[in-house]
Amino acid sequence: MDKDLIIALARAAGLDKAVAEFPEDVFAAAQQAFGNAGAIAVPTDPADEPWPPMRAGAGQ
């Protein structure tokens with residue numbers, strides 16, 4: 001993974017302060033996120049919800 005790309009993406013996301021103070025932590029977080037990206041199921045239908053709707057009083 002290219003550190004320069006990760007730093008550029010972090011800065012584009014507004015994480016300038018984190019990049020300046022903790023560049024290794026930003027890089028480690030990016031590695032972990034990219035490593036787990038395949039475990040997230042993206043809904044194919046835009047009407048699908050990633051989890052059931054939250055309702056007050058449902059009790060479960």
So Ala37, is it modelled with pLDDT of 90 or more and not acidic (Asp, Glu): no
Qualifying residue in the range 40-55 (condition: outside any loop (DSSP other than H, G, I, E, B) and at pLDDT 75 or above): no
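The values are calculated or read from the model by the stated rules, or taken from the named source; none is laboratory data. Bear in mind that the values here come from a model prediction, so they are computed numbers and not experimental data.
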